[in-house]
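J.: Below is one structure. I have some questions about it.
The values are calculated or read from the model by the stated rules, or taken from the named source; none is laboratory data. Just so it is clear, the model here is predicted, and its values are computed rather than measured. Here the Cβ positions follow ideal geometry from the backbone for every residue, glycine too, while neighbour counts run over all protein chains shown. Ligands, DNA and RNA are excluded from the accessible area calculation, which covers all protein heavy atoms including side chains. Shrake-Rupley method; radii C 1.70, N 1.55, O 1.52, S 1.80 Å.
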Amino acid sequence: PWGIRLDGVTVRYPNGTVGLRGVDLEIAPGEMVCIVGLSGSGKSTLIRTINGLVPVTEGAVTVGGRRVDTARGARLRGLRGQIGMVFQGFNLAGRTTVLNNVLVGRLTHTPRWRTLVGAYRDADKQIAFEALDRVGILSKVWERASALSGGQQQRVAIARALAQQPRIVLADEPVASLDPPTAHGVMGDLRRINADLGITVLVNIHLLDLARQYGARIIGMRAGEVVFDGPAGSATDAD
Ligand code: ADP
Ligand code: ADP
């Protein structure tokens, strides 16, 4: 697993809105962190600076000892290959199979001609099957993604991230569109990935109860700043 470090990171969007304000943060390799805060507090900006999706106005972002904010081209693609992403809206290709969706996680490991004709190697398919098995939906491998429930679709997205064999998984509101029991199931999967595979996991979540239950560490954000940072047991609504 890789650690993550932000040093004095400020993000100002082109329209002048400040997404992050001088954030200093250190996340050790193998941590399971939940980031909580109201809508607009900067959670998503924080996650997107870590995989280089948002330009940093000031400061430095370091992932696995490598600068992300100044990385470009092949170097940036290489870093992103080590970071699995999970989104609120699943971002699956609904019309194709679960297997094909998970194989997307193998793209950067596969010669281009193979991806164009869909001739993935058996070893890559095996990695996809194992990822699906880990999140409990191997039986859905030949289904169309759009035929699955929301919870199952999010598990496909987690399996796709796992198929990358990433060092870090970043999840941006992964349970915001799921009902409470399903949300528990998905948070449990994320926690297991952290515990069993040792992958560093960061989850944005606006529900403090779930964050406390599944995160070992809670980071609270407000108006682009970190206003709370501590072990899950110590986080209260007042924070
Ligand atoms: P959260 O994930 O906690 O809802 P965000 O990181 O999405 O918070 O947003 C932080 C602030 O940055 C908000 O004021 C939001 O409106 C603003 N913001 C987010 N993305 C953009 C963007 N692409 N352009 C301009 N402002 C943005
Ligand atoms: P789907 O098939 O739609 O993906 P899930 O498999 O995610 O639905 O369902 C989640 C299951 O996990 C539910 O049956 C729920 O009872 C159970 N569960 C696990 N942990 C908890 C918890 N802490 N609180 C409530 N339900 C939980």
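J.: When you scan the stretch 218-228, do you find a residue that is hydrophobic (A, V, I, L, M, F, W, C), open to solvent by less than 40 Å² (accessible area, probe 1.4 Å) and within 16 Å of ligand 2 (Cβ to nearest atom), even just one?
T.: no
J.: Let me ask you something else. For the stretch 151-199, what are the residues that are open to solvent by 20 Å² or more (accessible area, probe 1.4 Å), touching a Leu at 6+ places or on another chain (Cβ under 8 Å) and not in a helix (DSSP H, G or I)?
T.: Hits for the stretch 151-199: nothing passes.
J.: Being within 12 Å of ligand 1 (Cβ to nearest atom), touching a Leu at 6+ places or on another chain (Cβ under 8 Å), closer than 29 Å to GLN153 by Cβ and in contact (Cβ under 8 Å) with a residue 60 or more places away in the chain is the requirement here; does ILE47 meet it?
T.: Yes, satisfied.
J.: A further question follows. Of the residues LEU38, LEU53, LEU25, only one is open to solvent by 20 Å² or more (accessible area, probe 1.4 Å), within 18 Å of the chain's Cα centre (by Cα) and more than 16 Å from ligand 2 (Cβ to nearest atom); which?
T.: LEU53
J.: If you take the residues in the stretch 121-150 that are of a type outside the set (A, V, I, L, M) and more than 22 Å from ARG192 (Cβ to Cβ), which one is most open to solvent (accessible area, probe 1.4 Å)?
T.: TRP142
J.: Is there any pair with a first residue in the stretch 1-17 that is in contact (Cβ under 8 Å) with a residue 12 or more places away in the chain and a second that is in a strand (DSSP E or B) and of a type in the set (Lys, Arg) whose Cβ atoms are under 7 Å apart and which are 6 or more apart or on different chains, and what are they?
T.: THR10/ARG21
J.: Any residue at all in the stretch 66-88 that is open to solvent by 30 Å² or more (accessible area, probe 1.4 Å), within 13 Å of the chain's Cα centre (by Cα) and within 16 Å of ligand 2 (Cβ to nearest atom)?
T.: Yes, that holds for at least one residue.
J.: Here's a follow-up. Which residue pairs have Cβ atoms under 7 Å apart, sit 6 or more places apart or on different chains, and have a first residue in the stretch 114-135 that is closer than 30 Å to HIS184 by Cβ and a second that is of a type in the set (Asp, Glu)?
T.: VAL135/ASP189
J.: Right, next: Residues being part of a helix (DSSP H, G or I) and of a type outside the set (Lys, Arg): count how many of those fall in the stretch 130-150.
T.: 10
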